[in-house]
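Heads up, the thing below is written out as structure tokens.
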Amino acid sequence: MPKIVDAEARRQEVVEAVFRIIAVDGLERASLREVAEEAGLVVGSVRHYFASSDELLVHSFSIVVDRILGRLESCLDDVIRQEPRTEAHHEAVLTLLGQFLPLDEELAVDACVWMAFRNAARVKPALAEEAARSHRAVAAVVGRLIMHLMPAGGAGQQDLVTEAERLLATLDGLCMHALLQPEWMTAEVCRDVLASHLTVFHGVPHSR
């Protein structure tokens with residue numbers, strides 16, 4: 001009796017192969033042939049689930065974006081549940097912001113893949129729509145966090161936008177530094193920089 005293949009599970013296996021390739025060798029190597037070899041499949045099998053390399057990359061981009069957004073939304077709910085300006089609230093904020101950074105193996109792969117796709121979207125039109133969705137969704141989460149952290153009535157709309165962009169820039173910079181210089185930008189250093197940022201701007205207690 002022939003073995004029944006779970007199509008969705010097989011598609012996810014292929015996507016995970018894309019992620020592994022990008023994390024080790026970069027997006028340029030993520031061709032259908034290389035992905036098939038990494039997933040232990042023949043190219044024809046991969047084409048059964050993804051008609052083209054662009055389709056595979058767009059789908060993989062959407063998967064990593066959804067994975068990151070899912071963690072961010074869950075962490076934001078936890079932040080909002082905490083009593084403001086308490087140690088638990090401070091830790092919840094740091095945990096949320098840490099989802100952007102390569103603080104452990106899983107987060108490192110997602111951060112590397114996400115950064116690679118965002119950069120590639122500049123020159124690959126097929127990725128542009130997903131890149132725009134990614135930016136809008138992440139900016140919305142960060143914007144909600146900024147509104148939660150800033151005193152009610154203490155800032156206008158432009159201030160909120162400016163501070164959200166400032167925090168996004170800080171996170172992008174930290175992520176890039178941590179991916180490029182992991183021996184210097186350790187998880188501890190990244191976390192300390194985030195804590196310092198929150199102390200300086202938001203008045204959140206900085207505990208080590």
Given the conditions (1) modelled with pLDDT of 95 or more; (2) surrounded by fewer than 16 Cβ atoms within 10 Å (Cβ to Cβ); (3) of a type in the set (Gly, Ala, Ser), which single one is not true for Ala121?
(2)
Do any residues in region 172-200 that are within 17 Å of Val93 (Cβ to Cβ) and among the charged types (D, E, K, R) have Cβ atoms under 7 Å from those of residues that are in a helix (DSSP H, G or I) and modelled with pLDDT of 90 or more, where the two are at least six apart or on different chains, and which pairs are they?
Arg191/Leu94; Arg191/Gly98
Please pick out the residue among Val109, Val113, Val64 that is touching a Lys or Arg at 6+ places or on another chain (Cβ under 8 Å) and at pLDDT 95 or above.
Val109
Of everything in region 83-99 that's buried (at least 18 other Cβ atoms within 10 Å of the Cβ) and touching an Asp or Glu at 6+ places or on another chain (Cβ under 8 Å), which residue is nearest to Ala169 (Cα to Cα)?
Leu96
Of (1) at pLDDT 95 or above; (2) closer than 23 Å to Gly70 by Cβ, Ala187 satisfies every one except (1)
Which numbered condition in (1) without any contact (Cβ under 8 Å) to a residue 60 or more places away in the chain; (2) closer than 30 Å to Ile146 by Cβ; (3) crowded, with 20+ Cβ neighbours inside 10 Å is the only one that Val79 fails?
(1)
Run Leu145 past the list (1) buried (at least 20 other Cβ atoms within 10 Å of the Cβ); (2) at pLDDT 95 or above; (3) of a type outside the set (Gly, Ala, Ser) and report the number of the one that doesn't hold.
(2)
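The values are calculated or read from the model by the stated rules, or taken from the named source; none is laboratory data. None of these values were measured; they are calculated from a predicted model. Cβ sites come from the backbone with ideal geometry, for glycine too, and all protein chains shown count toward neighbours.
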